[in-house]
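Heads up: the structure comes next, in structure tokens.
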Amino acid sequence: QVLNGKAIELRESGRGKRKNKADPLTPEEEELLWETSALGSATGESLNHSLFYTLSQHFGTRGVQKHLQMRLEDFRFVRKAGTAEVEYVEWTEGLTKTRQGGLVKQSRRVTQRVFPSGNDRCSVRMLELLISKRPAQCRTSGPLYLRPLKNPRPSLWYSIQPVGANKIKEFMKTIAKRAGIDKSGKRFTNHSVRKTLVRKLQKGGVSNDKITAITGHKNEQSISDYADTDLEDHQKISLLISKTDALQNPQLPELPASTQPAPLPFMNARQPLQPLQQGVHPPFSSSLKASLPSLFSGIHVLDSFVTIQT
């Protein structure tokens, strides 16, 4: 009760109002990551960031510990029969928060694989590039993420030192800052990538059981936190409430001058009201007398009097 009372007191003082959850990225924000070169393969750092971002989505990994544990030995390049062309890359996951190991091994239901996409955002191509830029003794084993050299050479971008946990923890914040989306008021953390993946699959019509197979969640209820209404849906709901469809942005056509309704005679600039004397009623103007019957059925105007038939 003491703790509950303290919690209530803190809430009443305004503490805890702002959410501490990571925000997913919109498709437009994802595009900005690449367009601004916050992601890419031009440097060792951007290559690390790009693999972090793309592998997080292909494998549904959590933000820090899993990437800290990733090693080259965990990846297997499967090539097409009789060729050197990669068919897919398979990743073997280590221990996780929900699969701690022990005597009974708990593996994912689905083997994690990533297939070549053939474009400059291809995780397979970036993995091969990363391996080719590592020190010779680190091209078959060792931590996946190595520290970029301050003065890289064409064939060597990385040192033998691994990227630390604190640095990996800041990957998404650094990416967001370089893309210029850190000032949006949203909270971008490494977990944002996992949320972006789930939202993307849900909007693409992928069933929850297949989503959990990618993310590694034990049950479908575990992804309920990711299913919050996104900004686009919130906008549609808001516009529906306001009875406005800003997404289509319809423009009301202007009527031609010939069809514009003429102003009524008594709708001209109004004159200041004059106080009435008791028992004296000023007569209606001739224009008002002519207009009233056309506006209201059953009305008759005679001098200062109006009669209405019911």
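The values are calculated or read from the model by the stated rules, or taken from the named source; none is laboratory data. The structure presented is a predicted model; accordingly, all values stated were derived computationally and were not measured. Cβ placement follows ideal geometry from the backbone for every residue including glycine, while neighbour counts extend to all protein chains displayed. Side chains are part of the model used for accessible areas, which takes the heavy atoms of the whole protein and leaves out ligands, DNA and RNA. Shrake-Rupley method; radii C 1.70, N 1.55, O 1.52, S 1.80 Å.
Annotations
- Within the option set S56, S50, being outside any strand (DSSP E or B), at pLDDT 95 or above, under 16 Å from S123 (Cα atoms) and hydroxyl-bearing (S, T, Y) holds for one residue only, S50.
- Exactly one residue out of G14, G44 is out of contact with any Leu (no Cβ under 7 Å at 6 or more places or on another chain) and either open to solvent by 10 Å² or more (accessible area, probe 1.4 Å) or at pLDDT 95 or above (or both), and it is G14.
- When P253 is tested against (1) open to solvent by less than 70 Å² (accessible area, probe 1.4 Å); (2) modelled with pLDDT under 65; (3) more than 24 Å from K173 (Cα to Cα), exactly one condition is not met: (1).
- The condition of being out of contact with any helix residue (DSSP H, G or I) (no Cβ under 6 Å at 6 or more places or on another chain) and at pLDDT below 90 holds for only one of Q137, Q112, Q106, that being Q106.
- Top-ranked residue of segment 134-182 - restricted to ones that are within 15 Å of A42 (Cα to Cα), without any contact (Cβ under 8 Å) to a residue 24 or more places away in the chain and in a loop (DSSP other than H, G, I, E, B), ranked as least open to solvent (accessible area, probe 1.4 Å): S155
- Qualifying residue in segment 189-200 (condition: in contact with a helix residue (DSSP H, G or I) (Cβ under 6 Å, 6 or more places away or on another chain), crowded, with 17+ Cβ neighbours inside 10 Å and assigned to a loop (DSSP other than H, G, I, E, B)): yes
- Exactly one residue out of T61, T54, T83 is surrounded by fewer than 20 Cβ atoms within 10 Å (Cβ to Cβ) and of a type in the set (S, T, Y), and it is T83.
- Sub-9 Å Cβ pairs linking a first residue in segment 197-219 that is at pLDDT 80 or above and basic (K, R) to a second residue that is in a helix (DSSP H, G or I) and open to solvent by less than 70 Å² (accessible area, probe 1.4 Å), at least 6 apart or interchain, are R199/Y226; R199/A227; K200/E30; K200/Q57; K210/L201, ordered by first then second residue.
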